[in-house]
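Every read-out reported here was derived from the displayed coordinates using simple, explicitly stated rules and does not represent laboratory data. Bear in mind the structure is a predicted one, so any value in this text is a computation, not a measurement. Cβ coordinates were reconstructed from backbone atoms using ideal geometry, including for glycine residues, and neighbour counts include every protein chain displayed.
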Amino acid sequence: MTETVARDDVPSGADVVDELTRDHHEVLDLLQRISATRDTQERRDLADTAIAEVVRHSVAEEMYVYPAMSKSLDHGADTVEHDKEEHNKLEQIMKDLEGVDGDDPRFDTLVADFTRALRHHAEDEETEQFPRMRQSIPQEELVELRRKVEAAKKIAPTRPHPDSPNAELFHKLAGPGVGLVDRLRDRLGNRSTG
């Protein structure tokens, strides 16, 4: 099993932008590590951990960050809709990757697709959306959003569910139950999810 992604060293004044940016970089690092090893089980474990982290991140964004963006940013609803479309694309790639062994030739192709899609999504957020959030949303609210995002990631699903709605209400009502089932499946299948 791979190591879990540590969250204990987050400064108390860190905000949601710091948290989400850190998530992006940690997962992109996990994906890069896949190409650095030929060990089939390690490759699978790294991919499973990356998938779990992106699913948690996406659910937390959809629960708390996207409503704040819709409310506070100019053209926020359009920005959120664009991000949800990118999440849908990522979910489908992750779902496809879940069913492929680390030594299958499709594995590397799917990891490359996953990396490209995540990098594009992260660049959009980090260069355009996050600076707009910091200009439009008070710092105290951004810090509180980080706390909400951290809490949401603890109960969020760990597996992609591309047929589920990417909506705040769905995640708040059904997400904890889906997350519990996912974590149980992870344990029973010895799946590394961080």
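In a fully extended conformation the segment linking ASP101 and GLU150 would gain 14.6 nm over its present Cα-Cα distance, using 0.36 nm per residue.
The residues neighbouring LEU28, those whose beta-carbon lies less than 13 Å from its own, together hold a net charge of -3 under the Lys/Arg +1, Asp/Glu -1 convention. Karplus-based coupling profile of the stretch 92-105, in residue order and whole Hz: 5, 4, 5, 4, 5, 5, 4, x, 10, 5, x, 9, 6, x, with θ = phi - 60° in 6.51 cos²θ - 1.76 cosθ + 1.60 and x standing for Gly or Pro. Efficiency by 1/(1 + (r/R0)^6): what FRET value for THR40 and SER70, r their Cβ-Cβ distance, R0 = 45 Å, to the nearest 0.05? So, using R0 = 45 Å, E works out to roughly 0.55.
For ASP15, the amide hydrogen comes within under 5 Å of no other amide hydrogen, counting only partners 5 or more places away or on other chains and with H modelled in the peptide plane.
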